[in-house]
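This report refers to the structure that appears directly beneath it.
The values are calculated or read from the model by the stated rules, or taken from the named source; none is laboratory data. Source: prediction; values computed, not measured. So basically every Cβ, Gly included, is an ideal-geometry build from the backbone, and we count neighbours across all protein chains shown. To get the accessible areas, we keep the full protein, side chains included, count just its heavy atoms, and leave off ligands, DNA and RNA. Shrake-Rupley method; radii C 1.70, N 1.55, O 1.52, S 1.80 Å.
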Amino acid sequence: MQMLLRLSGLIDAMNERIGRLISWLVVIMVLLGVYNAVTRKLSQTIGMDLSSNAYIEAQWFMFSLVFLWGAGYALKHQAHVRVDILYSRVSERAKAWIDVIGTCLFLFPLSALVVWVSYTYAADSWAILEGSPDPGGLPRYLIKSAIPIAFILLIIQGLSELIKQVAFLRGHIPYPHAETEEGI
């Protein structure tokens, strides 16, 4: 079990780094959005186009990366939306069982399905080096590749969460998300 907990720690550290790194995309995305808005108005005033479809699409791509690659980070921090009609009222042990069952029955199969479907979607895009339909836009095959990567990161983080829940149920560690629930 200690080896699995070390693996869980490595996965947590990886998704933590990815989450912190992509959080900077939010700042860049906002700055780019301000630039796009200002140049659009300025372009109308001076009669010369200062904006570009590439800037607008870069903003969309960054939002997509924050949303997609942040999913593993959000799972690690218990920040996903949860329908907790019962969850908030049950014991830590029951919560662990709910998480184990939910991870095995829903998270893993649905994420694997998305990886399978989106891999083909991305591979087809790479095969034709799909570009933007807008003039001056960015290549689409790059952002389409982010989809299977995102769900692989989510599966890996799900494995980490599963390891921690099973370790808790077997008495090897304290409840892994006690600090998260204190803030609720």
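Report the relative contact order of the range 11-85, percent, no decimals, based on alpha-carbon pairs under 8 angstrom and at least 6 residues apart.
Numbers: 46 pairs, mean separation 33.3, N = 75.
Reported as a whole number, the value is 44 percent.
So what's the back-of-envelope 222 nm ellipticity for the chain, counting only DSSP H runs of four-plus at -39500 (n - 2.57) apiece and dividing by all residues, rounded to 500?
Values: 7 runs with 134 residues, N = 184.
Mean residue ellipticity, 222 nm, calculated: -25000 deg cm²/dmol.
Evaluate the relative contact order of the chain (contact order divided by residue number), counting alpha-carbon pairs under 8 angstrom at least 6 apart; express in whole percent.
31
If you wrap the range 1-124's Cα atoms in a convex hull and average its projection over all directions, what's the area in nm²?
On the way: hull surface 46.5 nm².
Across all orientations, the range 1-124 yields a mean hull projection of 11.6 nm².
Given the peptides 154-160, 2-8, arrange them by the average over their residues of other C-beta atoms within 10 Å, most packed first. Working shown, then result.
Numbers: 154-160: 21.6, 2-8: 13.4.
Highest mean packing first, the order is 154-160, 2-8.
At a 1.4 Å probe, what is the % contribution of carbon and sulfur to the accessible area of the range 39-120? Please list the in-between numbers first.
Working: 3820 of 5510 Å².
Answer for the range 39-120: carbon and sulfur cover 69 percent of the accessible area.
Two decimals is fine: what's Rg over Rh for the range 1-70, C-alpha atoms, Kirkwood radius as Rh? Write down the numbers at each step before the final one.
Working: Rg = 18.7 Å, Rh = 14.3 Å.
Rg/Rh for the range 1-70 comes to 1.31.
Can you tell me the relative contact order of the range 84-184? Whole percent, Cα pairs under 8 Å, sequence separation 6 or more.
31
Would you list the P(r) distribution for the range 53-184, with all Cα-Cα distances sorted into 10 Å bins from 0 and each bin expressed as a whole %?
12, 34, 26, 17, 10, 2
Under a straight-distance cross-link criterion of Cα-Cα below 26 Å, which lysines are reachable from LYS164, leaving out those fewer than 8 residues away in the same chain?
LYS76, LYS95
So what's the angle, to the nearest 10 degrees on a 0 to 90 scale, between helix 140-169 and the longest Cα principal axis of the chain?
For helix 140-169, the angle is close to 20 degrees.
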